1. Can you pull out the strands (runs of 3 or more DSSP E) entirely within the stretch 90-135 that have at least 1 residues that are among the small types (Gly, Ala, Ser)?
2. Name every residue in the stretch 136-173 that is of a type outside the set (A, V, I, L, M, F, W, C), under 30 Å from LYS56 (Cα atoms) and either more than 20 Å from the chain's Cα centre (by Cα) or in a helix (DSSP H, G or I) (or both), in order of residue number.
3. Using the structure shown, decide if VAL29 is modelled with pLDDT of 95 or more and either of a type in the set (Lys, Arg) or not in a strand (DSSP E or B) (or both).
4. Kindly list the number of the only condition in (1) acidic (Asp, Glu); (2) surrounded by fewer than 24 Cβ atoms within 10 Å (Cβ to Cβ); (3) in contact (Cβ under 8 Å) with a residue 24 or more places away in the chain that fails for ASP189.
5. For the stretch 123-149, which residues satisfy the criterion of being of a type in the set (D, E, K, R) and either under 21 Å from ALA161 (Cβ atoms) or surrounded by 15 or more Cβ atoms within 10 Å (Cβ to Cβ) (or both)?
6. In contact (Cβ under 8 Å) with a residue 60 or more places away in the chain, assigned to a helix (DSSP H, G or I) and touching a Leu at 6+ places or on another chain (Cβ under 7 Å), is that true of LEU5?
7. Six or more apart or on different chains, Cβ atoms under 6 Å: show the pairs whose first residue is in the stretch 154-168 and within 14 Å of ALA195 (Cβ to Cβ) and whose second is assigned to a loop (DSSP other than H, G, I, E, B) and at pLDDT 95 or above.
8. ALA166: touching a Pro at 6+ places or on another chain (Cβ under 6 Å) and either surrounded by 15 or more Cβ atoms within 10 Å (Cβ to Cβ) or farther than 21 Å from ARG253 by Cα (or both), yes or no?
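The values are calculated or read from the model by the stated rules, or taken from the named source; none is laboratory data. Everything numeric in this text was worked out from a predicted model, so none of it was measured. Neighbour counts run over all protein chains shown; Cβ positions are idealised from the backbone, glycine included.
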Amino acid sequence: MRIILVGDVMLDRQPGDMVARGCDPFKKVAAILEGADIVVANLECVVATGGKRVAKHFTFRADPRCLPLLAKHVDAVSLANNHTCDFGKPGLVEMLERIEGARLHGFGAGRDEAAAHAPLVLPRKGLQVALLAYNGIDSREAEAGPATPGLAWLEERRAAADIRAAHADADVVIVFLHWGVQFKPRPTDGQRKLARALIDAGAAAIVGSHPHVTQGAETYKGCPIIYSLGDFVFDFEDPAKTIPEAPTNWILRLTLDKGGVVEWDNVVSRTDRAGLPQPVVGVAGPKSGTQGHDKDRMAPAGLLPGDSHRPDRN
């Protein structure tokens, strides 16, 4: 079976305005998404009408009218990110209710700690696929407690235990992490160490989001590690002006069997300033088989035309 994972989907601001006008931000990549048995995205906003805006530089809240459109293209959304609680715990609880009502599956956040850390297990084509998600960005105020709503916080020991427990009900476990340093072209040594530890615990793939740019990929013990998929539906902002144009992102395609990931590749897409993704023709992203298994060096990301003067661009 095939599962697709994409990066940050933010349906406030320009993308939200487009949905209100009847436009579909996913239109140009819809054909790619339709080729999967499961499509997963990181939902980088609160979908609610209530809650109180928290005091931070950026807060994102999307109108619930976006949910039918999101559910048209996506099966499951990671809620473990630094914008999940932009409108407090009440906003999160409302979003959980609305997602359930829209026939979407959320994971990585919940009404209490146990729910936030519970794997989302989806059966497809004779496989049981478990999804886990964790956030390691900003403060832990949004973390779920034993009796309070919130998200799953990224801690190696707890995540490893969750992965091992998920195998009781699942053939394959995929972990979606919100982590890393924004606008940097490569992961930190700490990220690489953590990714390997979670694969040692039983994860079949590690997939990342948050930095707004792609950050390279590699294979460890036959398992892919995609450090950052970049933005997907997101009206890009670069306050430091470090990137002169809207960055590329990756649409990760994994082919699975009961043994794990059989093969994988990344379709290169570019999200424009209005937040719309579209495939980049003629440019390939990292994929399985490019460097063999169990290598420690990063797989080449593939440069866009005109990027040759920036060898670490992606």
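1. Values: elements: 105-107, 120-124, 127-135.
Passing ranges, in order: 105-107, 127-135.
2. Quick first cut of the stretch 136-173, residues of a type outside the set (A, V, I, L, M, F, W, C) only: 136, 138-141, 143, 145-146, 148-150, 155-158, 162, 164, 167, 169, 171.
Still in the running and under 30 Å from LYS56 (Cα atoms): 136, 138-141, 143, 145-146, 148-150, 155-158.
Residues satisfying the conditions are ARG140, GLU141, GLY145, PRO146, THR148, PRO149, GLU156, ARG157, ARG158.
3. Working: modelled with pLDDT of 95 or more: yes; either of a type in the set (Lys, Arg) or not in a strand (DSSP E or B) (or both): yes.
Taking the combined requirement at face value, the residue satisfies it.
4. Tallying (1) acidic (Asp, Glu); (2) surrounded by fewer than 24 Cβ atoms within 10 Å (Cβ to Cβ); (3) in contact (Cβ under 8 Å) with a residue 24 or more places away in the chain, ASP189 fails exactly one: (3).
5. First pass over the stretch 123-149, keeping only residues of a type in the set (D, E, K, R): 124-125, 138, 140-141, 143.
If the condition is that a residue be of a type in the set (D, E, K, R) and either under 21 Å from ALA161 (Cβ atoms) or surrounded by 15 or more Cβ atoms within 10 Å (Cβ to Cβ) (or both), then ARG124, ARG140, GLU143 are the ones that fit.
6. Working: in contact (Cβ under 8 Å) with a residue 60 or more places away in the chain: yes; assigned to a helix (DSSP H, G or I): no; touching a Leu at 6+ places or on another chain (Cβ under 7 Å): yes.
Taking the combined requirement at face value, the residue does not satisfy it.
7. Between residues of the stretch 154-168 that are within 14 Å of ALA195 (Cβ to Cβ) and residues that are assigned to a loop (DSSP other than H, G, I, E, B) and at pLDDT 95 or above, the close pairs are LEU154/GLY136; ALA160/ALA201; ILE163/ALA201; ILE163/GLY202; ILE163/ALA203.
8. Working: touching a Pro at 6+ places or on another chain (Cβ under 6 Å): yes; either surrounded by 15 or more Cβ atoms within 10 Å (Cβ to Cβ) or farther than 21 Å from ARG253 by Cα (or both): yes.
When the stated conditions are applied, ALA166 passes them.
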